[in-house]
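Taking it in order: structure first as structure tokens, then the write-up.
The values are calculated or read from the model by the stated rules, or taken from the named source; none is laboratory data. Everything numeric in this text was worked out from a predicted model, so none of it was measured. Positions of Cβ are backbone-derived with ideal geometry, glycine not excepted, and every protein chain shown enters the neighbour counts. Ligands, DNA and RNA are stripped out before the accessible areas are found, and what is left, the full protein with its side chains, is counted by its heavy atoms. Shrake-Rupley method; radii C 1.70, N 1.55, O 1.52, S 1.80 Å.
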Amino acid sequence: MSQNHLTNLIAYVCEVRGDGMDARITEQYTTNLPMLTIGNDQMLAGGIGSYVVVRQARISLLALVSKIWEKDHFTNGTRQSERFIALIPVGEIDTDNRFIRGVRQFPTPGAEVYAVGLNEINAIFSKFSDYGFFVGQLASHKEYHVSLDPRTFFGRHFAIIGQSGAGKSWTVTSIIQNAIKAMPHAHIIMLDLHGEYCWRDNKGKLQSAFAEDQVNYIDATLMEMPYWLMTYAELVDLFIDRYDPGSSMQKSYMREIIQQLKRKEAKRIGLMSVTVDTPIYFSLMELYMQFKAANEEMKEFGKVHGALFGQFDEFMIRMQSRFNDVRYDFLLKPKKSTSSESMAGILRQIVGGGAHKANITVVDLSSVPVGVRPSVCSQIGRLVYEFNYWNPKRREFPITLICEEAHAYIPREQGGQFEGTKKMMERIAKEGRKYGVSIGVVSQRPTELSETMLAQCSSFICLRTSNPEDQAYIRGLVPDAEGDLTDILTSLGRGEALVLGEATPLPMRVQIYRPNPEPKSNDVDYFTHWQNGIDDLNVDEIVNLWRTQTRK
């Protein structure tokens, strides 16, 4: 983009600040319809969201127009108007026409401001276009298709943020569809909390937002996540009340018994050494009976209490309550995963390497009660992390875990009921990148999401957000010079996003492609169903479904 190619002078810089510049539009473009033509493109000179190049001597900056205003003044009794634009510098253009993020040297007042067209933008972004990971169209140039850097986007964690109805599910689906198109060997695991990405129609046939050969569907209520795959710390969270005065004794005894049971299993399968966290089978009933025997031990013909008599009353009550709770059946009462040999099959199912190999595994959590979902999410997250941690070919088999409604189980609050889940997910965010495991968090309330989680994300897709607290939080995630861009969050349309971070050459307002097929995330049509809706419901069926914790 040489100086000779830039012929569309539209303004002169009149003020320079540390976070931006103001420029005065030339008289030619202060009319009611300030149109200009660049190549085959027609555009408004200095329109909001358009790009311009600021030139002065050897300085060449790419900037984004963020504001337009006019000032009136009177000359010889005649009112005249001057038009101004506010510019946010987003990077430099070197002598080889390559775009470089960041600004090292600012111009002075008097620098020339040129409008740029599609060809110039394409030249600047050509490096990113080569990846072929296209996600949408540039809002200011609908003919320009935006490609992100997939290495950075998936390799360094990302966040998709926006209020309910802004198009988060639409955006997630579109990005996954286009990721698989650009990278046909992608490996993605989706935690689907609302059954939006795979669902059964009225005839019971499975429908999906992805091609049949690309998706592996898992119903979380039918999937077995056996207790013996849990770590010792997770078993403590499940069975022991940390505030119980006898919790230290309970934890010590449970560690010893689990270790004994696992040594027994290790000997059966030929494993030389074993720890309390080694993922091999042990009997939960044997664990319970050992506690029961110690709790009821009597010596000297029933005259003297044993050393641990009555120490485990609370533990046994808590364990029985968990065991009798049908919500925990997937965890505590496995029917198929009752041996150490079944572990490989569980992992194949989760990572999409089973009989039906697939790019994306959708774990449908919509039928799982809310109170149990965090446990399932934590288990899946840990298994994915541990799988690639021990995978010798982890660098050739990277995995992305997408966490829908992440604020529900990776909260910002400290010491809450989901603390174990939160710590596991934060561990993946901090360490997973080294082992080929990344996270994509999707949330409508970034202020309620773990700060550690968001701090590890390098790319952000911000959809419409009207909550002032969330807007302020998003503003704090971007560099100061780009903070003003977040002012447009309230005006974004459905599926329209502000894309920020390392995966994009510069902050962009993008219309995300409409996914095909679409997820089952449309709002309920109140008007139609209140006009012509049903009057009778099978309440008995609803009661039965509620009691049996079954969703249709």
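A few points about this structure:
- Residues of the range 101-117 that are of a type in the set (Ser, Thr, Tyr), under 18 Å from GLY46 (Cα atoms) and open to solvent by 40 Å² or more (accessible area, probe 1.4 Å): none at all.
- Hey, THR490 of a type in the set (Val, Ile, Thr), farther than 27 Å from ILE360 by Cα and at pLDDT below 85 or not: yes
- Qualifying residue in the range 158-169 (condition: open to solvent by 40 Å² or more (accessible area, probe 1.4 Å), more than 13 Å from LEU62 (Cβ to Cβ) and not in a strand (DSSP E or B)): yes
- The strands (runs of 3 or more DSSP E) located wholly in the range 1-86 that include 2 or more residues which are open to solvent by less than 40 Å² (accessible area, probe 1.4 Å) and modelled with pLDDT under 90 occupy 35-38, 41-44, 59-75.
- CYS377 assigned to a loop (DSSP other than H, G, I, E, B) and buried (at least 17 other Cβ atoms within 10 Å of the Cβ): no
- Selection over the range 387-410 of residues that are part of a helix (DSSP H, G or I) and in contact (Cβ under 8 Å) with a residue 60 or more places away in the chain gives a count of 1.
- Any hit, the range 215-224, residues being open to solvent by 10 Å² or more (accessible area, probe 1.4 Å), in contact with a Ser or Thr (Cβ under 7 Å, 6 or more places away or on another chain), farther than 30 Å from PRO446 by Cα and touching a residue at least 12 places away in the same chain (Cβ under 8 Å): yes
- Residues of the range 380-410 satisfying the condition of being among the charged types (D, E, K, R), open to solvent by 10 Å² or more (accessible area, probe 1.4 Å) and closer than 23 Å to THR221 by Cα: ARG382, GLU386, GLU405
- In the range 118-135 there is at least one residue matching the filter, namely being open to solvent by less than 10 Å² (accessible area, probe 1.4 Å) and touching a helix residue (DSSP H, G or I) at 6+ places or on another chain (Cβ under 8 Å).
- Taking first residues from the range 319-348 that are more than 18 Å from ASP219 (Cβ to Cβ) and assigned to a helix (DSSP H, G or I) and partners that are open to solvent by less than 50 Å² (accessible area, probe 1.4 Å) and of a type in the set (A, V, I, L, M), the Cβ contacts under 6 Å between residues at least 6 apart in sequence or on separate chains come to PHE323/LEU332; SER340/ILE280.
- Condition check for ARG255: open to solvent by 80 Å² or more (accessible area, probe 1.4 Å), touching a residue at least 12 places away in the same chain (Cβ under 8 Å), out of contact with any Ser or Thr (no Cβ under 8 Å at 6 or more places or on another chain) and of a type outside the set (Phe, Trp, Tyr): yes
- Residues that are open to solvent by 10 Å² or more (accessible area, probe 1.4 Å), modelled with pLDDT of 85 or more and not in a loop (DSSP other than H, G, I, E, B), drawn from the range 510-534: GLN511
- Selection status of ARG200, of a type in the set (Lys, Arg), farther than 28 Å from ALA86 by Cα and surrounded by fewer than 15 Cβ atoms within 10 Å (Cβ to Cβ): yes
- Among residues of the range 442-456 that are in contact (Cβ under 8 Å) with a residue 24 or more places away in the chain and of a type in the set (Lys, Arg), those with a beta-carbon under 9 Å from a residue that is in a loop (DSSP other than H, G, I, E, B) and open to solvent by 20 Å² or more (accessible area, probe 1.4 Å) at least six positions away or on a different chain give the pairs ARG445/GLN163; ARG445/ASN467.
- Selection over the range 263-282 of residues that are part of a helix (DSSP H, G or I), out of contact with any Leu (no Cβ under 9 Å at 6 or more places or on another chain) and open to solvent by less than 50 Å² (accessible area, probe 1.4 Å) gives a count of 1.
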